[in-house]
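Readers should treat all values here as calculations from the given coordinates under stated rules, not as data from a laboratory. Because the structure is predicted, anything quoted here is derived from the model rather than measured.
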């Protein structure tokens with residue numbers, strides 16, 4: 001399956017590193033990463049990204065890249081399609097960032113978004 005979200009090479013390296021770190025207990029570690037959107041914040045939605053410990057369900061879209069499984073629920077996939085996840089590391093901050101062409105605006109804190 002084609003990826004719903006494009007993963008930059010730097011982000012993929014960080015996903016691989018974090019996943020390997022999270023698998024300290026074989027058989028009980030994460031199965032991959034889940035992307036999604038949750039309602040809330042001052043602009044309406046916030047991005048979600050985190051380890052997924054349960055197998056994907058029937059309402060999920062999955063793809064593998066570089067040995068990492070990525071999971072997105074079908075509802076979130078509609079608004080995440082065409083996005084790219086990058087990894088930023090500077091003196092002031094480090095973390096994953098979503099670059100989504102469907103975004104209309106972000107709130108002042110940068111965590112909450114609205115869509116076109």
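Brief remarks follow.
- Here region 6-115 has an Rg and Dmax of 14.3, 42 Å, counting Cα atoms alone.
- Against the chain, whose longest principal axis comes from its Cα atoms, helix 9-22 is set at around 50 degrees.
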